[in-house]
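The values are calculated or read from the model by the stated rules, or taken from the named source; none is laboratory data. Keep in mind it's a predicted model, so treat the numbers as computed, not measured. Note that each Cβ is placed from the backbone with ideal geometry, even for glycine, and that neighbours are counted across all protein chains shown. Note: areas computed on protein heavy atoms with side chains; ligands, DNA, RNA excluded. Shrake-Rupley method; radii C 1.70, N 1.55, O 1.52, S 1.80 Å.
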Amino acid sequence: MKLKTKLTLGVGLLFFLIVLLSVIGSVYINKLKSDTEKILIANYNSIEFSKNMLLALDKISSDSAVAIKDFQKNSVLQEKNLTEFGEKEATQNLNLHFKTYLQKPTAEKEKQIREDLVTIMSLNMKGIERKSDIAIITAENATFWIVSLGTICFLIAVVLFVNLPQTIAEPIAQLTFSIRQIADKNYNQRVHFKGSEEFNDLAHSFNIMAEKLQEYESSTLSKQLMDKKRIETLVNNMHDAVIGLDEHHFIYMINDEALKITNLKKEEIIGKTAHEVSVNNDLIRELLKNIESPSQEPIKIVADHKENYFEQEIIPINIVKTGEKEKKNIGKVILLRNITPFKELDFAKTNFIATISHELKTPISAIKMGVHLLENQKFGTLNEQQQELLKSINDDGQRLLDITGELLNLSQVETGNIRLHIENCSPKDMVETAIKNIEKLAEQKNISIITDSLLNDNEQVHADFDKTVWVINNFLSNAIKHSFQDEKIRIVIEKLKSSVRFSITDTGKGIDEKYHRQIFDRYFQVPGEQQNGTGLGLAISKNFIEKQHGEIGVKSSPDRGSTFYFVLPMA
């Protein structure tokens, strides 16, 4: 519990009891006052009236007129002050006996009047005694409650007086002692307070301070310098370019490889911000741009009259300070990994594929031509087995021809030799051309292709007609291959803000979401599917669409079919 809470509860309870004590005292004092007033007003006045009537009765013989008037006056006052049980009857008897006495005064009637007055006085005396007893009980109750509450207040005050100074003074004394120990460089000193949360927090903060001081004391300057030299030697001998930036983008480290490719000198840039250096250095400016918006494309740098390719990686530096839990960023390291040898191998692979594909295309076409001639009845009749064999050769030849065509397209894309003929094209014409190319394949599975165009006839896209038709053909052939018999494939052409989206939806098995990113990678095929293709069609489609400044994607889930789409800018 917090010390503030303890003080609030203790002092608050004491204050409440004092207020309660005051209220109870006031209530009982008012009650005693009320009981006293009742005795004075009700009973004492009746006795006084009775006494006056007795005196007047004694004077009737000597001064009858004045005495009678005085007696009647006090009798009227007595009738207005009837408070005790039986007092009314006694007063009525008194008035009756006095009237009889006035008509015929006798000693016996006077005696009756005196007895009536004695009765009234006796009733009021008993009332005084009874009310006095009530007042005594009230006084005793008041004494009990005042003494009880006063005792509780006293005990609480004693507890606060004894415990409160110790609760505050003892932790302060411990903290003072520990501070003196820290001042004497005894950084092993720790404090542990029990009780309030405030002192626990204070102890925690003090212990963190002592731990940091101990950590600082244990790390000597010479050790830090040796570690710094080791790291600098390691970084300078790396074959990758390394540039270190602090949290404010000041350059605090750069190795020889980075100096070599940036054509900078170490003494010119250390201590300066990367933005200052980028003003006169295009490479640093490009690296900073990639920090803000990372790019997956390699950076091409010309050095020693040779094109070099580097892959940029941004490595954030985060630390957790002693005694803290949250990570804090203290800078970044820009790592430029030289991938020139891999790029050269990739170029060699692409050129090899292009050459082989081009060389294979002619003999494969010749094989298909030979098969076509053999199927001609002019050269002789073939039996059933020979016809099946020719059909198999024709299918394999067509498949090889398709593969070589895809490889040639891929090599053109990778080498950047792809030629696009960008013009204003009708989306509807593109789709109709693609459907004509694929009609026979759809008829084999009795699949119908439905086109739903939401565009006006005059709305066009800015694209390469043939390459876009090739992409639609690829989407349609995949949709037909993965759809069941007698199904429908839907093509939707719709307008977005400043572009047009082409969507091809099938009712096949669908694709798990975990494969959506890989589906457009080269040679990738969804596991479990029939591996009839090369895995290049979607990769080529992606390159064709992106070269036209478009976007491509897929929406699919298992057993719910797939929707492949691409977006092209409007003309």
- Task: Determine the pairs where a residue that is without any contact (Cβ under 8 Å) to a residue 60 or more places away in the chain and open to solvent by 50 Å² or more (accessible area, probe 1.4 Å), located within the stretch 557-571, has a partner that is among the β-branched types (V, I, T) and assigned to a loop (DSSP other than H, G, I, E, B) with Cβ atoms under 9 Å apart, the partner being 6 or more residues away or on another chain.
- Result: P558/I511; R560/T507
- Query: Only one of these conditions is not met by V526: (1) farther than 30 Å from A571 by Cβ; (2) outside any loop (DSSP other than H, G, I, E, B); (3) of a type in the set (A, V, I, L, M, F, W, C). Which number is it?
  - Reply: (2)
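Residue under question is F475, and the condition is that it be surrounded by 19 or more Cβ atoms within 10 Å (Cβ to Cβ) and part of a helix (DSSP H, G or I); does it hold? Before the answer, list the steps.
Details: surrounded by 19 or more Cβ atoms within 10 Å (Cβ to Cβ): yes; part of a helix (DSSP H, G or I): yes.
Spelling it out, F475 is indeed surrounded by 19 or more Cβ atoms within 10 Å (Cβ to Cβ) and part of a helix (DSSP H, G or I).
Rundown of residues vs (1) of a type in the set (S, T, Y); (2) farther than 22 Å from I540 by Cα; (3) free of Cβ contacts under 8 Å to residues at least 60 places away in the same chain, yes/no style:
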residue	(1), (2), (3)
S453	yes, yes, yes
D457	no, yes, yes
F465	no, no, yes
V469	no, no, yes
N473	no, no, yes
H482	no, no, no
I493	no, no, no
R501	no, no, no
I504	no, no, no
- Task: Could you identify the single residue in K212, K229 that is open to solvent by 70 Å² or more (accessible area, probe 1.4 Å), closer than 27 Å to L335 by Cβ, in a helix (DSSP H, G or I) and at pLDDT 70 or above?
- Result: K229
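Taking the condition of being of a type in the set (A, V, I, L, M), assigned to a helix (DSSP H, G or I) and within 30 Å of R130 (Cα to Cα), how many residues in the stretch 81-118 meet it?
6
Condition test on E459, is it more than 20 Å from H549 (Cα to Cα) and among the acidic types (D, E)? Steps first, answer last, please.
Numbers: more than 20 Å from H549 (Cα to Cα): no; among the acidic types (D, E): yes.
So E459 fails the test.
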- Item | Condition broken by K428, with the remaining ones in (1) part of a loop (DSSP other than H, G, I, E, B); (2) open to solvent by 40 Å² or more (accessible area, probe 1.4 Å); (3) at pLDDT 70 or above satisfied | (1)
- Message: From the list K131, K126, exactly one residue is of a type in the set (K, R) and surrounded by fewer than 17 Cβ atoms within 10 Å (Cβ to Cβ). Which is it?
- Response: K126
- Query: Can you tell me how many residues in the stretch 499-520 are over 36 Å from the mean Cα position of the chain (by Cα) and part of a loop (DSSP other than H, G, I, E, B)?
  - Reply: 4
- Limited to the stretch 238-252, what total is found for residues that are open to solvent by 70 Å² or more (accessible area, probe 1.4 Å) and of a type in the set (D, E, K, R)? 1
- Within the set of pairs 6 or more residues apart or between chains, which connect a residue that is under 14 Å from T83 (Cα atoms) inside the stretch 116-142 to a residue that is among the polar types (S, T, N, Q) and open to solvent by less than 40 Å² (accessible area, probe 1.4 Å) with Cβ atoms less than 6 Å apart? I120/S50; M121/S50; N124/N43; N124/S46; G127/N43; I128/N43
- F544 fails exactly one of (1) out of contact with any Asp or Glu (no Cβ under 9 Å at 6 or more places or on another chain); (2) surrounded by 17 or more Cβ atoms within 10 Å (Cβ to Cβ); (3) of a type in the set (F, W, Y), namely (1)
- Note on the structure: Selection from the stretch 111-122 of residues open to solvent by 50 Å² or more (accessible area, probe 1.4 Å) and either in contact with a strand residue (DSSP E or B) (Cβ under 7 Å, 6 or more places away or on another chain) or farther than 10 Å from I47 by Cα (or both) yields K111, Q112, R114, E115, T119
- Query: Restricting the search to the stretch 497-521, which residues are modelled with pLDDT under 85 and surrounded by 15 or more Cβ atoms within 10 Å (Cβ to Cβ)?
  - Reply: none
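Quickly run through the stretch 543-557 and pick out the residues that are part of a loop (DSSP other than H, G, I, E, B) and touching a helix residue (DSSP H, G or I) at 6+ places or on another chain (Cβ under 9 Å).
First pass over the stretch 543-557, keeping only residues part of a loop (DSSP other than H, G, I, E, B): 548-550, 557.
Correct list: Q548, G550, S557.
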